[in-house]
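To start, the structure under review is shown below, and the notes come after it.
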Amino acid sequence: MPTRDDPVRLALGGLVALAAAMGVGRFVYTPLLPMMAADLGLSGSTAGLVASANFLGYVAGAFAAGYPGLKGSRRAWMMGALAISASTTGLMGLAPSLAPWLVLRFAGGVASAFVLVFASTLVLDRLRRLQRPGLSTVHFAGVGTGIAVSAAFVSAGAAAGLGWRGLWMACGVISVLALGAVWRLVPDAEGGVAPAAVTAGPRRPGALAMSVAYGLFGFGYVVTATFLVLIVRGTPAVSALEPMIWLVVGVAAIPSVALWTALARRTGLALAFAVACVVEAVGVGSSVLWPTAPGIVLAAALLGGTFMGLTALGIGAARALAVGDPRTLTAVMTASFGIGQMIGPLVGGFLSDRSGSFVQASLVAAAALVGAAGLALHVRRVAAI
């Protein structure tokens, strides 16, 4: 294994880490949900509860990852979290009932937050030290890559007659293979420079507003991100698109970070964040207000084309608004994001059970995204980022 940092290998290692823990570990539930619902008769509320357990774990993991007294290297925490993510993903195929699903999805959520926080701070800091910060877009492309790969795998596996339990276990195996790749691509050495200690120093004006905006974004995107494939299956005019619609999300997500960060360099982080929130709100509304093939494909493309870009812009804003080591503010914003994600599926499942569709939930989500855009514009005025 190499002992010196190579920027391309580091960026690829970050890509694989996020692909495994986020693209697969967190988001493979979406294309598997219709199969689980059809086999087990899950209600919208139950499906939302399982999703929220994962997001609750994400909140807990974000807080834990930002704890100033946490001991050990960032790489060790990242690798351990990747192992837990792979294990909990595979075990979903063996779990017999709702209670163990909730436990496994909670643990997987904790692991995914640790991977995002530690992989991002580790890889981005080292890329900056190597004077290759532009490769951060490769790192963040990992989520879209993981979504696209897992979507194609689930579609092919379902067509071959592999049930949802077998697909969960197979995705766990894929995540174990990814863990081995990250081990090879991200070496122990950090260029001879020890990571800076976490200090909870003062923050610039706008940090609180940006944290709330990030939470509203989490709420706003997650209803569609959780239920999109189920919406497609339940809409006769577009049900034939089910095998490929989540793949559209993943493919659109791959270049999204590069595109939105390029815009941010021209306009500033906060304005780019606001624009992306409005674009995503259009996609969320399109998923229920335009129930045709063009409308659903547009919804999938706009969701995929914005949510990871927004994630990266939010992390960039945390780094810009923090004083000293950005890990604490990054973790606070990640926790806010996770709280929004946790509430979203519960609200979406409840409203869908009550109304018989996802129209109400999706419009509430779109409104949250517009609110996030407004807060980001406020941050732009007070903090000039």
- One residue from L289, L321 being surrounded by 24 or more Cβ atoms within 10 Å (Cβ to Cβ) and not polar (S, T, N, Q): L321
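For the condition touching a Ser or Thr at 6+ places or on another chain (Cβ under 9 Å), crowded, with 18+ Cβ neighbours inside 10 Å and among the hydrophobic types (A, V, I, L, M, F, W, C), what is the one hit in A148, A158, A81?
Numbers: A148 fails: touching a Ser or Thr at 6+ places or on another chain (Cβ under 9 Å); A158 fails: touching a Ser or Thr at 6+ places or on another chain (Cβ under 9 Å).
From the options A148, A158, A81, the qualifying one is A81.
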- Matching residues in segment 95-142 - criterion: being outside any helix (DSSP H, G or I), in contact with a helix residue (DSSP H, G or I) (Cβ under 7 Å, 6 or more places away or on another chain) and within 30 Å of G163 (Cβ to Cβ): A95
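Please count how many residues of segment 357-374 are part of a helix (DSSP H, G or I) and in contact with a Phe, Trp or Tyr (Cβ under 6 Å, 6 or more places away or on another chain). Lay out the reasoning, then the answer.
Of the residues in segment 357-374, the ones part of a helix (DSSP H, G or I) are 359-374.
In the following step, the residues that additionally are in contact with a Phe, Trp or Tyr (Cβ under 6 Å, 6 or more places away or on another chain) were identified as 368, 372.
Summing the residues that are part of a helix (DSSP H, G or I) and in contact with a Phe, Trp or Tyr (Cβ under 6 Å, 6 or more places away or on another chain) in segment 357-374 gives 2.
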- Task: Would you please list the contacts, defined by Cβ atoms under 8 Å and residues six or more apart or on different chains, that run from a residue in segment 282-306 that is at negative phi to a residue that is assigned to a helix (DSSP H, G or I) and among the charged types (D, E, K, R)?
- Result: L302/E280; L303/E280; T306/E280
- Please find, among V103, V8, the residue that is at pLDDT 90 or above, farther than 28 Å from G348 by Cα and surrounded by fewer than 24 Cβ atoms within 10 Å (Cβ to Cβ). V8
- In this structure, does T306 turn out to be crowded, with 24+ Cβ neighbours inside 10 Å, polar (S, T, N, Q) and modelled with pLDDT of 90 or more? yes
- Message: Report every pair of residues separated by at least 6 positions or lying on different chains whose Cβ atoms are under 7 Å apart, first residue within segment 359-385 and touching a residue at least 40 places away in the same chain (Cβ under 8 Å) and within 18 Å of A322 (Cβ to Cβ), second of a type in the set (D, E, K, R) and not in a helix (DSSP H, G or I).
- Response: A383/R204
- Could you tell me whether any residue of segment 208-219 is at pLDDT 90 or above and either outside any helix (DSSP H, G or I) or charged (D, E, K, R) (or both)? no
- Message: Quick test for you: out of L10, L40, L18, pick the one residue that is over 13 Å from the mean Cα position of the chain (by Cα), closer than 22 Å to G172 by Cβ and not polar (S, T, N, Q).
- Response: L40
- Query: In segment 350-371, is there at least one residue being modelled with pLDDT of 90 or more, surrounded by 24 or more Cβ atoms within 10 Å (Cβ to Cβ), farther than 25 Å from L122 by Cβ and aromatic (F, W, Y)?
  - Reply: yes
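Residue-by-condition table, conditions (1) among the aliphatic types (A, V, I, L, M); (2) within 25 Å of S239 (Cα to Cα); (3) without any contact (Cβ under 8 Å) to a residue 12 or more places away in the chain:
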| site | (1), (2), (3) |
| --- | --- |
| M22 | yes, no, no |
| R26 | no, yes, no |
| D39 | no, yes, no |
| A51 | yes, yes, no |
| Y58 | no, no, no |
| A65 | yes, no, no |
| T88 | no, no, no |
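The values are calculated or read from the model by the stated rules, or taken from the named source; none is laboratory data. Fair warning: this is a prediction, and the values are worked out from it, not measured in the lab. As a convention, Cβ positions derive from the backbone with ideal geometry for all residues, glycine included, and neighbour counts pool all protein chains shown.
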